[in-house]
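The values are calculated or read from the model by the stated rules, or taken from the named source; none is laboratory data. For clarity, every value in this text was computed on a predicted model and none was experimentally measured. Positions of Cβ are backbone-derived with ideal geometry, glycine not excepted, and every protein chain shown enters the neighbour counts. Calculation scope for accessible area: heavy atoms of the full protein, side chains included, ligands and nucleic acids excluded. Shrake-Rupley method; radii C 1.70, N 1.55, O 1.52, S 1.80 Å.
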Amino acid sequence: MQVELLALTPDPETVIEQAGRTCHMSHDRMRPDSSAKFIRMLVSKRHLSVLEHAYATFRITGISRAATHQLVRHRLCSFAQRSQRYVREEASDVVIPDSIRDSAEALAIYTGSIEASKQAYEDLLRCGIPKEDARFVMPNATTSDIVLSANFRQLRHVIMTRGAREAQWEVRALAIEILHIMTEHAPNVFFDLIVSPRGHVEQTH
Ligand SMILES: Cc1cc2nc3c(=O)[nH]c(=O)nc-3n(C[C@H](O)[C@H](O)[C@H](O)COP(=O)(O)OP(=O)(O)OC[C@H]3O[C@@H](n4cnc5c(N)ncnc54)[C@H](O)[C@@H]3O)c2cc1C
């Protein structure tokens, strides 16, 4: 899976500070280094609506349809996903879970099933079946490309729910990658979210 940051609100933490200070008209207290303390205070007090003034857009490639189906449940994000109705899937790749890759027997079952699905897809297209119907035989493992846009409050929500210990491993890996990128670009908005030594997202405050 690859995660690429396509777009970001310019100077997002200054935008958030400007918005937040409008509540109490305290713009006169803005300093070159004041946003860190101010934004951390907002996050700690759960005054999270102010974070909605900054946005990010990601392109995610090589992610399974099993994972994108979980992602698109997040209604406050905006999505654009490669269509299986209009794009032929014969060259698409598949995700292989580690649990299957680690077992020779399971891997043989898995790859056999994938190959059979791909062959059925090809055969259906050759019979004149439209792509939108032939795709019904494609597995959940099929990779997809998807673009996700969301404001920072919603990104925190996605990172926390999908990065949690109980989340599925592939969508958790995505949440952690998004957290790494957002921590680089808006460290104070995401300061309280960390990746634990056990490999899931935890909130520290
Ligand atoms: C570990 C895990 C297991 C899951 N298992 C299943 C499962 O077995 N079956 C299944 O169907 N789903 C499952 N889900 C998906 C889950 O039920 C949610 O659909 C998904 O996580 C989106 O969460 P959300 O509604 O909080 O977020 P979003 O849709 O991203 O919305 C963000 C927030 O906005 C608010 N909001 C959005 N829409 C509304 C609304 N209409 N009314 C009021 N408030 C709103 C809520 O506060 C919400 O938390 C699972 C999710 C996780 C993380």
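For the reader, a short list of remarks on this structure follows.
- Number of residues in the range 164-196 that are open to solvent by 60 Å² or more (accessible area, probe 1.4 Å), farther than 13 Å from Ala56 by Cβ and part of a helix (DSSP H, G or I) equals 1.
- Options Val189, Val158; residue that is within 28 Å of Ile96 (Cβ to Cβ), touching a residue at least 12 places away in the same chain (Cβ under 8 Å) and touching a helix residue (DSSP H, G or I) at 6+ places or on another chain (Cβ under 8 Å): Val158
- Condition broken by Phe58, with the remaining ones in (1) in a helix (DSSP H, G or I); (2) closer than 28 Å to Val171 by Cβ satisfied: (1)
- Whichever residue in the range 135-149 is within 18 Å of Arg75 (Cβ to Cβ) and in contact with a helix residue (DSSP H, G or I) (Cβ under 8 Å, 6 or more places away or on another chain) and, among such residues, is farthest from the ligand (Cβ to nearest atom): Ile146
- So Phe152, is it among the aromatic types (Phe, Trp, Tyr), crowded, with 16+ Cβ neighbours inside 10 Å and within 15 Å of the ligand (Cβ to nearest atom): yes
- Which numbered condition Arg73 misses (of (1) open to solvent by less than 60 Å² (accessible area, probe 1.4 Å); (2) outside any helix (DSSP H, G or I); (3) within 16 Å of the ligand (Cβ to nearest atom)): (1)
- Selection from the range 31-56 of residues that are away from the ligand (no atom under 16 Å from the Cβ) and either among the aromatic types (Phe, Trp, Tyr) or within 12 Å of the chain's Cα centre (by Cα) (or both): Phe38
- Number of the condition not met by His47 [criteria: (1) touching a helix residue (DSSP H, G or I) at 6+ places or on another chain (Cβ under 9 Å); (2) open to solvent by less than 60 Å² (accessible area, probe 1.4 Å); (3) farther than 14 Å from Gln168 by Cβ; (4) in contact (Cβ under 8 Å) with a residue 12 or more places away in the chain]: (2)
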